[in-house]
């Protein structure tokens with residue numbers, strides 16, 4: 001089997017594509033617009049085939065540094081990086097929007113910080129925004145918000161960000177378009193006998209093969225960050241590929257040749273939610289009736305009508321345990337309401353909730369996308 005088939009529209013309904021700085025911005029600090037146009041054409045073709053795509057785009061700092069005349073690609077200091085990002089993000093968004101518009105596609109800019117995807121409440125907001133944009137046939141263009149990130153509180157590279165976005169967006173696959181064509185058993189720049197590794201099923205076996213250097217000197221990542229991204233993606237059930245972005249139509253070339261290193265996800269959609277199932281202390285309990293138990297086990301969300309009572313003073317985004325009337329554990333998930341509003345709507349029909357709360361409600365008490373059935 002061509003391992004690239006794992007990322008086809010048929011097998012990968014929701015794909016995250018990360019594009020490295022060296023691919024988007026040349027050594028003079030200008031956008032490689034002709035190359036980027038071919039990538040956008042690939043994205044448009046996949047979108048026509050039904051694949052939902054989110055782009056994680058590097059390049060803002062490198063682009064902004066050129067426009068501000070800052071040395072070192074804008075990375076000589078945190079202040080330079082923040083200023084470069086502020087200037088470059090506008091230019092980068094304009095380029096993406098213009099090229100996608102040529103393909104009759106809309107772009108939306110999504111800037112996130114580490115805290116947005118690590119804090120559970122903010123994670124829910126980011127996840128909801130991404131899902132809604134994709135449902136509206138929009139291509140989200142995601143980048144780290146380097147204008148406010150600090151050295152201690154940031155992703156630091158867009159490889160790991162792409163993997164986190166895959167988690168938030170329920171992505172089925174991640175393609176890292178890079179200045180390298182995959183993983184080798186040793187650095188091919190320094191070793192002529194380096195062997196290419198096309199498929200990786202156990203990351204622990206290859207962890208020591210990488211170094212942290214970016215081949216171009218323009219980006220902030222290296223092979224170490226890509227392997228860390230692969231660990232994040234695969235443990236939530238998504239496949240991840242490291243692919244050369246140098247050729248025109250890089251996604252098409254990958255699909256046709258299969259050239260790249262593919263890290264195979266460790267499970268099905270159940271594994272994607274494994275982090276919810278264990279290891280975290282819940283902030284409350286929701287007791288549900290038998291009808292809701294059956295609904296959850298059939299893959300549905302928990303609606304307020306199925307809840308009998310709640311325990312604990314949880315906030316929206318906190319982890320709660322869902323139990324039946326005998327306190328048997330049924331599921332764990334991130335709750336969509338704080339305990340005050342949840343108490344007001346349990347047992348009530350969906351059409352009654354706007355009147356009770358006085359605002360448009362969330363679709364569920366605990367949405368299936370943020371729930372692990374035990």
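Listed values, structure above:
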item	result
Residue match in the range 70-84 (condition: at negative phi and either modelled with pLDDT of 95 or more or crowded, with 24+ Cβ neighbours inside 10 Å (or both))	yes
Qualifying positions in the range 145-161 - modelled with pLDDT of 90 or more and within 11 Å of residue 113 (Cα to Cα)	161
Residue in the range 279-299 that is modelled with the lowest pLDDT, counting only those that are exposed (fewer than 15 other Cβ atoms within 10 Å of the Cβ) and part of a loop (DSSP other than H, G, I, E, B)	279
Matching residues in the range 315-324 - criterion: being at pLDDT 95 or above and either in a loop (DSSP other than H, G, I, E, B) or more than 26 Å from residue 168 (Cα to Cα) (or both)	324
All positions within the range 94-128 that are in a helix (DSSP H, G or I), modelled with pLDDT of 95 or more and touching a strand residue (DSSP E or B) at 6+ places or on another chain (Cβ under 7 Å)	95, 96, 97, 100
The range 6-64: number of residues that are closer than 17 Å to residue 107 by Cβ, surrounded by fewer than 22 Cβ atoms within 10 Å (Cβ to Cβ) and free of Cβ contacts under 8 Å to residues at least 40 places away in the same chain	1
Residues of the range 300-314 classified as part of a helix (DSSP H, G or I) and touching a strand residue (DSSP E or B) at 6+ places or on another chain (Cβ under 6 Å), total	1
The one condition in (1) surrounded by 20 or more Cβ atoms within 10 Å (Cβ to Cβ); (2) closer than 30 Å to residue 335 by Cβ that residue 109 fails to fulfil	(1)
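One line per residue, one yes/no per condition, for (1) in a helix (DSSP H, G or I); (2) out of contact with any strand residue (DSSP E or B) (no Cβ under 8 Å at 6 or more places or on another chain); (3) in the same structural domain as residue 71 (by TED's automatic domain parsing); (4) at pLDDT 95 or above:
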residue: 12; (1), (2), (3), (4): no, no, yes, yes
residue: 18; (1), (2), (3), (4): no, no, yes, yes
residue: 29; (1), (2), (3), (4): no, yes, yes, no
residue: 35; (1), (2), (3), (4): yes, yes, yes, yes
residue: 38; (1), (2), (3), (4): yes, yes, yes, yes
residue: 43; (1), (2), (3), (4): yes, no, yes, yes
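Listed here are the residues, each with its yes/no results for (1) in contact with a helix residue (DSSP H, G or I) (Cβ under 7 Å, 6 or more places away or on another chain); (2) assigned to a loop (DSSP other than H, G, I, E, B); (3) exposed (fewer than 13 other Cβ atoms within 10 Å of the Cβ); (4) at pLDDT 95 or above.
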site: 331; (1), (2), (3), (4): yes, no, no, no
site: 340; (1), (2), (3), (4): no, no, yes, yes
site: 348; (1), (2), (3), (4): yes, yes, no, no
site: 352; (1), (2), (3), (4): no, no, no, no
site: 355; (1), (2), (3), (4): no, no, yes, no
site: 361; (1), (2), (3), (4): yes, yes, no, no
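Here is a yes/no grid of residues against (1) surrounded by 15 or more Cβ atoms within 10 Å (Cβ to Cβ); (2) in the same structural domain as residue 63 (by TED's automatic domain parsing); (3) over 21 Å from residue 109 (Cβ atoms); (4) modelled with pLDDT of 80 or more:
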position: 167; (1), (2), (3), (4): yes, yes, no, yes
position: 185; (1), (2), (3), (4): no, yes, yes, yes
position: 195; (1), (2), (3), (4): no, yes, yes, yes
position: 203; (1), (2), (3), (4): yes, yes, yes, yes
position: 211; (1), (2), (3), (4): no, yes, yes, no
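The values are calculated or read from the model by the stated rules, or taken from the named source; none is laboratory data. If you're wondering where the values come from, they're calculated on a predicted model, not measured in any experiment. No Cβ is skipped: glycine too gets one built from the backbone with ideal geometry, and neighbour counts run over all protein chains shown.
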